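> I have a structure I would like to understand better, so I am pasting it below and will then ask my questions one at a time.
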Amino acid sequence: MGRGHMPIGRRELAKQAKRERIMTAARELFVEHGVSGVTTQQIARRADVAIGTLYLYASTKAELLIMVQNEKFAAALDVGLAAANAAVGQGTLEPVIALIRPVMECLREHIENGRTYLHELVFGDPAEPYRQAGLALACRLEDGVTGLLTRDERIGAADAATLARVITAIIHISTTATMYVHRSAEAVLADIRDQIHATLAPHHRAA
């Protein structure tokens, strides 16, 4: 057997199994009760690990939420990027909305969890590994929007990057602001569409 194919040892397998149990327990409890209604002790109990063991994988409940939401965010991005590529040729707005839709639906799946997740990414310690991973996903979303905008010959590369930051800010406010909490996902997406249309309109008129 080559050196590049060393088998995973029992210790590493046991660590992976514990991490998966913790992730599953956290995912289920956050959906059932929301992040504010769950304790780390409850997660440890459902995962069948000691509380000290849980803290080896995530030191706070916020980190556990970020771990769970990062997985959902990454999956939503994959779906959105594929949908955006399929919508290329339908103008500029439609591919952007195709990318945003699954991301917004992911964040609105459980409103409290989505809002808390974004808050933790923006205001938490950016050096913490799980937050770093979440911020990398946010950059991936922004880069995806930038790439779609640069396909529009009326929008220069520098403007596309700036507009992408504006659009991701629109997504953030529209999915976290308290005044929008009771809106349906479709209503939020429709509002996001209107805001993006208004943001892009001056560039189209100028061209």
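> Taking the criterion of being over 18 Å from Ile66 (Cβ atoms) and of a type outside the set (Phe, Trp, Tyr), would at least one residue in the range 112-134 satisfy it? Steps first, please.
Looking only at the range 112-134, we keep the residues that are over 18 Å from Ile66 (Cβ atoms), and these are none.
Looking for residues that are over 18 Å from Ile66 (Cβ atoms) and of a type outside the set (Phe, Trp, Tyr), one finds none in the range 112-134, hence no.
> Continuing with the same structure: Report every pair of residues separated by at least 6 positions or lying on different chains whose Cβ atoms are under 8 Å apart, first residue within the range 175-189 and without any contact (Cβ under 8 Å) to a residue 12 or more places away in the chain and closer than 14 Å to Glu112 by Cβ, second surrounded by 12 or more Cβ atoms within 10 Å (Cβ to Cβ) and among the β-branched types (Val, Ile, Thr).
Correct list of pairs: Tyr180/Val188.
> Still on this model: Filter the range 5-56 for residues that are assigned to a helix (DSSP H, G or I) and touching a residue at least 60 places away in the same chain (Cβ under 8 Å) and give the result. Step through it out loud before you land on a result.
Filtering the range 5-56 down to residues assigned to a helix (DSSP H, G or I) leaves 5, 10-33, 35-37, 40-47, 51-56.
Of everything in the range 5-56, those that are assigned to a helix (DSSP H, G or I) and touching a residue at least 60 places away in the same chain (Cβ under 8 Å) turn out to be Phe30, Val31, Val35, Ser36.
Any read-out appearing in this document is the output of simple, stated calculations on the displayed coordinates, not a laboratory observation. Because the structure is predicted, anything quoted here is derived from the model rather than measured. Please note: Cβ atoms are built from the backbone with ideal geometry, for glycine as well, and neighbour counts cover all protein chains shown.
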